[in-house]
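Novice: The structure's right below; bear with me while I get my questions together.
The values are calculated or read from the model by the stated rules, or taken from the named source; none is laboratory data. Here the structure is a predicted model, which means the values were calculated and not measured. Note that we place each Cβ from the backbone using ideal geometry, even for glycine, and neighbour counts take in every protein chain shown. Surface areas here come from the heavy atoms of the whole protein model, side chains and all, with no ligands, DNA or RNA. Shrake-Rupley method; radii C 1.70, N 1.55, O 1.52, S 1.80 Å.
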Amino acid sequence: MRSASYLPCTLLGRRRLPRPEAAAFGPRVVRGTLAPEMSNAREKKHAKKMRNQPVNVTLSSGFGTVEERGVKHHKGNEKSFQYQKQESDSGAPQHQQPKLTHVPSESCMNEQPSKSQCRGEKGKGQAGWRGGHQGATREIPKYITASTFAQARAAEINAMLKAVTQKSSNSLVFQTLPRHMRRRAMSHNVKRLPRRLREIAQKEAEKTEHLKKEHSKNKCRKARRCHLNLLLEFNRRQKKNVWLETHIWHAKRFHMVKKWGYCLGESPTVKSYRASYRAMTKHCLLQDLSYYCCLELNGKEEEILKALSRMCSVDTGLTFAAVHCLSGKRQGSSVLYRADKYPGEMLGPITFIWKSEGGTSTIPVNRKLWLWTHPTLKQDILTELKIVCQCVQPPEAAASIPEVVLTPHEEKSHIKQTENCKKRKREDGEKHTNLVKKIVGDGTRNPFQPYSWTSSTTGIVISDLTMEMNRYRLIGPLSHSILTETLKTASVYTEVEDAETVPHSWWVETCKNPDSVSVHHRQEAIFELLGGIASPAEIPAGTILGLTVGDPRVNLPQKKSKALPSLEKCQDNEKVRQLRLEGVPVECAHSYIWNQDICKNVTENQISEKELNQMRSELMVPGSQLNLGHRESKIPILLIQQPGKVTGEDRLGWGSGWDILLPKGWGMAFWIPFIYHGARVGGLKEALMHSRYKGAPSIPDDFPDCPAGVLFAIEQENNLLEKYKRHPPAKRPNYIKHGTLSPFRCPWEQLVRDWESRSTAQAESPVSPSCSLANTESDPGREDLCDAEDEQGPQLSCDPETLEDKPGEPEEMMDTDSPGAAVAKDTTVEGVCGSNSGGTESTFCVLRSRKLLKLLAPWCQPIARRNRAALRASRMYQQELTRATCLSILRDHPRSLVWVGLSLLKKGNPELHTMICIPSKDDILHLNEDRLYCGPQESRHSDPFKAQAQKQKKKKKMENEQIRKGGAAQDVAGEQRRAIVCTEGIPGLWPGPLPEVTGHCSRTLLGFVTQGDFSLAAGCGEALGFVSLTGLLEMLSSQPTDKRGLVLLRTPASLQYRFARIIIDI
């Protein structure tokens, strides 16, 4: 009896070993010729199948000669074999390899075999791994060791089991069934599946349960929409980004964006571009500016002015010490810099309001000042204010810390939520428990972090009042009409009542003071006069009016209406004329919104919407006026007039309106009545359009020299670059071929540096470019200017003796009417000839000196030939454009940018980052000859990086092929090469450091556009941007007088130049 470890080959299972009938009768005869031996393809197939065979089975390759091949006899079931047994030295039977001997058949050797006998029966009796020619000889063992054979096949069995148990696709089990066997219930009921798939489906169901998000206990929609649950959810969602009080109203009607830590409405979901412009021009546009930050300074007036004087300059305009602003009668605006760093290191623009003291003759000990700034500028300005005011330590009791709002986790300890969607039950039996409160104000504030800082040396206290007030802006001629229709002044309590029984005790105490009642009546009279004025632009800019009004929800109309001004009130009225000329008196600028305790009382005692609706339902006559009596809230507000467009000569007063300041918690109570009286709501895009039509810079887009502007430019470049990369190369412009070096950002530093180097090179050359023969021939009137410059020829040199011939007055004693005196200072060799010394260390800045801007503005205006007499007369009052004057300006401002407006002469639509270039002499000559000439065209540039990109692409393709062949050994090197290719650049964009930006194209680059679009007001394309001061002076000095200020505009993705005119508005 054989051992159990030796089993016949036929008992090992399904997989059968090769049978001895693998031998063929000889070479196959095809049409009288011998078939070729095994081909290369079959050799590879045979080698692949024999790759994973067990070691204990040895099979011959079967590629021997015809004589060495075995012959099989088909005579019934009889087979002739001769075996030879091989034993080891120990005598134990090892892996026996019987040797097959060949017994040639005479019939097959001498005669041609028949098909049924000699063809080898293709496919019968062959093992799964059989390969090669059918006549190949196979040597098989008679017995094998089961354990060794199974061990050799373990890897294959494991791979087979893994392939069976694991899915190769991402589909579920029931999705693998044929469509006619699928049922909808299979997705949630495993028993609907066939039995063979239930176990796998059960595992999938258990796996997906862990991946699902944890749902709240109240799963039904009715419970989720419960008011208490909504408050919990809204409070949770306000922890990352601040919600304005009008957020939910905006979220239903606007495209929302997350900017500057807030959730803000960008633009309405409906088409509203033209409608918003019409509202700003003829009706009223409403905007929510509550995201603007308010910083309060409280202390002595002298200390506050002394500290803030280091952060501003009189050269830029009015400061905090202006008479009208200091009294609290007007709102002022200024530009803040780091302490003693003017004109560099600008922080940003701000608006400020001083608290009025009711017309008292004596100067009070302490004053309050509110600074309003953009949220991107707040942190830099606050840090600098702490330094100049010496506020380093927070006070012991910070009054501005808001009340602590219960978090959802703390609320769960008081309120128990049941899983069966029933009413909530309280754990304790007390009636008065802490309920969930709506977040009013800034929900991201940390109650343990101080928001007020004091100084022990100066006594100044800085408080952060961000989101403690709401600020709305009404733009348009009907803005004050909407105000007068929506708001009604609060009624005065004539009877003496107990203050404790009235919810608004502060108003009862105020009515007891006759002076306060008198001021309130005067404010009411002035407020009524506003309804008879046609436009807010008729009132002095920045006028402040304080009011105390009633609840505007009481006067809410049944349907939307349009408020119109009643012009009969202002006909031949002396009070209206006085209001237009002098504005609001100082006494009427007082408001109780400055008192934080009163604002807190007003917020807490607000009547809810639910109570108001309940009262309306109980009225005897539906729709009649609701009288709340003494329960009506009294809200202190502050109205601030916005001047609109105040620069230039066209459309003066356009975009004027009113800003209204409200206590927090009253946002929606005023928002809905404004809309019901005809106001249209706008978002961030409408605010950008408003600033563009006014010609004012937008924050922080148009402040490239402040930290917030730099961060905005980086973020904007990344967004535009990602948008550009989403398009394939064939569907996006090749900016290299268009000659655009920087299509997604404005390289201001390189622009001013290149112009500084160009001016230095021209100063060293002996020929002056200001007067040329071509200019003289094109403009005969320019001979006078050239003669004047020739008379002052020695002033063009760098000799200090010639430059000191015209000493100027000190800057403090200069007259603002003669702005040329601002630049007629002492000029030294270091100032003019050595202006570039240390230039690499200093950064660029924007020119904001009003004296220099007044000097540059008339130089940009063309002077017609028929006005030569006016030109000569103007020289008596205005400084001429000479080389010495330009050098004097550049000495004080070597690397400066100038804010300019651009108006296209003909068709064209300027875009973001449009290039502002200097026209050549031929361009101006061609324009004079052909009035329909649109402009020159830039020749297409060559792309030197395209060939390199193609080479890199081929190298990358070859590396990928080598990686496939070589395996993981070259994987690291391939990744390094790919990283190098990615860092070299993107096709279509200039990689690496930029070359000279001013002379890269055929027209010299002067600046860039930051805002631009078709103007509905002017009927042509208009834009705003910055140009280099050095380049502007060089262009103006080389242009004829009748073509001064003429420039060329070219969009980044176009080769066509368009003529435009530069305008500097002051």
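Novice: What's the total number of residues in segment 296-305 that are open to solvent by 20 Å² or more (accessible area, probe 1.4 Å) and in contact (Cβ under 8 Å) with a residue 40 or more places away in the chain?
Specialist: 4
Novice: Which numbered condition trips up ALA321, out of (1) part of a loop (DSSP other than H, G, I, E, B); (2) buried (at least 21 other Cβ atoms within 10 Å of the Cβ)?
Specialist: Here ALA321 meets the rest and fails (2).
Novice: Are any of the residues in segment 693-705 over 30 Å from ALA884 (Cα atoms), modelled with pLDDT of 90 or more, surrounded by fewer than 17 Cβ atoms within 10 Å (Cβ to Cβ) and basic (Lys, Arg)?
Specialist: Within segment 693-705, not a single residue is over 30 Å from ALA884 (Cα atoms), modelled with pLDDT of 90 or more, surrounded by fewer than 17 Cβ atoms within 10 Å (Cβ to Cβ) and basic (Lys, Arg).
Novice: Test ILE916 against the stated conditions and say whether it is open to solvent by less than 60 Å² (accessible area, probe 1.4 Å), closer than 17 Å to ILE1063 by Cβ and modelled with pLDDT of 90 or more.
Specialist: Yes; evaluated as a whole, the condition is true for this residue.
Novice: Exactly one condition in (1) of a type in the set (A, V, I, L, M, F, W, C); (2) farther than 22 Å from GLN379 by Cβ; (3) open to solvent by less than 20 Å² (accessible area, probe 1.4 Å) is false for VAL314; which is it?
Specialist: Exception for VAL314: condition (3).
Novice: Quick one: count up the residues across segment 563-610 that are in contact with a helix residue (DSSP H, G or I) (Cβ under 9 Å, 6 or more places away or on another chain), more than 30 Å from ASP464 (Cα to Cα) and open to solvent by 100 Å² or more (accessible area, probe 1.4 Å).
Specialist: Here the count works out to 5.
Novice: How about segment 1050-1066: which of its residues are in contact with a Lys or Arg (Cβ under 6 Å, 6 or more places away or on another chain) and open to solvent by 10 Å² or more (accessible area, probe 1.4 Å)?
Specialist: Once the filter is applied, which keeps residues that are in contact with a Lys or Arg (Cβ under 6 Å, 6 or more places away or on another chain) and open to solvent by 10 Å² or more (accessible area, probe 1.4 Å), segment 1050-1066 yields only ILE1066.
Novice: Might you let me know whether segment 845-864 holds any residue that is surrounded by fewer than 19 Cβ atoms within 10 Å (Cβ to Cβ), among the β-branched types (Val, Ile, Thr), under 25 Å from GLY348 (Cβ atoms) and at pLDDT 75 or above?
Specialist: no
Novice: What pairs can you find where one residue is in segment 937-959 and over 30 Å from GLY908 (Cα atoms), the other is of a type in the set (Val, Ile, Thr), and their Cβ atoms are less than 7 Å apart, with a gap of 6+ or different chains?
Specialist: Pairs that qualify, where the first residue is over 30 Å from GLY908 (Cα atoms) and the partner is of a type in the set (Val, Ile, Thr), are PHE945/ILE736; GLN952/VAL981; LYS956/VAL981.
Novice: Among the listed residues LEU612, LEU626, LEU639, identify the single one that is of a type in the set (A, V, I, L, M, F, W, C) and part of a helix (DSSP H, G or I).
Specialist: Within the list LEU612, LEU626, LEU639, the selection yields LEU612.
Novice: Could you say whether any residue in segment 926-945 is of a type in the set (Gly, Ala, Ser), within 36 Å of the chain's Cα centre (by Cα) and open to solvent by 60 Å² or more (accessible area, probe 1.4 Å)?
Specialist: Checked segment 926-945: at least one residue is of a type in the set (Gly, Ala, Ser), within 36 Å of the chain's Cα centre (by Cα) and open to solvent by 60 Å² or more (accessible area, probe 1.4 Å).
Novice: Determine which single condition LEU581 fails, assuming it passes every other condition in (1) of a type outside the set (Asp, Glu); (2) part of a helix (DSSP H, G or I); (3) modelled with pLDDT of 90 or more.
Specialist: (3)
Novice: Looking at (1) farther than 24 Å from LEU371 by Cα; (2) modelled with pLDDT of 90 or more; (3) crowded, with 17+ Cβ neighbours inside 10 Å, which one does GLY709 not meet, given that it meets all the others?
Specialist: Of the numbered conditions (1) farther than 24 Å from LEU371 by Cα; (2) modelled with pLDDT of 90 or more; (3) crowded, with 17+ Cβ neighbours inside 10 Å, the odd one out for GLY709 is (1).
Novice: Kindly indicate the residue of segment 503-540 that is part of a helix (DSSP H, G or I) and of a type in the set (S, T, N, Q) and also farthest from GLY583 (Cα to Cα) among those meeting that condition.
Specialist: Among those that are part of a helix (DSSP H, G or I) and of a type in the set (S, T, N, Q), it is SER505.
Novice: Say we look at segment 346-381 and pick out the residues that are of a type in the set (Val, Ile, Thr), outside any strand (DSSP E or B) and over 22 Å from THR843 (Cβ atoms); which of these is modelled with the highest pLDDT?
Specialist: Across segment 346-381, the extreme among qualifying residues is VAL365.
Novice: Out of SER276, SER290, SER313, SER334, report the one residue that is of a type outside the set (A, V, I, L, M, F, W, C), within 34 Å of the chain's Cα centre (by Cα) and over 26 Å from MET469 (Cβ atoms).
Specialist: SER313
Novice: Now for a different question. If VAL646 meets every condition in (1) closer than 30 Å to PHE844 by Cα; (2) touching a His at 6+ places or on another chain (Cβ under 8 Å) apart from one, which number is that one?
Specialist: Here VAL646 meets the rest and fails (2).
Novice: Would you pick out the residues in segment 1009-1034 that are of a type in the set (A, V, I, L, M, F, W, C), crowded, with 23+ Cβ neighbours inside 10 Å and in contact with a Lys or Arg (Cβ under 9 Å, 6 or more places away or on another chain)?
Specialist: Hits for segment 1009-1034 are ALA1023, LEU1024, LEU1029.
Novice: Something else about it: Mind checking which pairs have a first residue in segment 729-757 that is under 15 Å from GLY1007 (Cα atoms) and among the basic types (Lys, Arg) and a second that is assigned to a loop (DSSP other than H, G, I, E, B) and open to solvent by 40 Å² or more (accessible area, probe 1.4 Å), Cβ under 9 Å, 6 or more apart or different chains?
Specialist: Filtered contacts from segment 729-757: ARG753/THR840.
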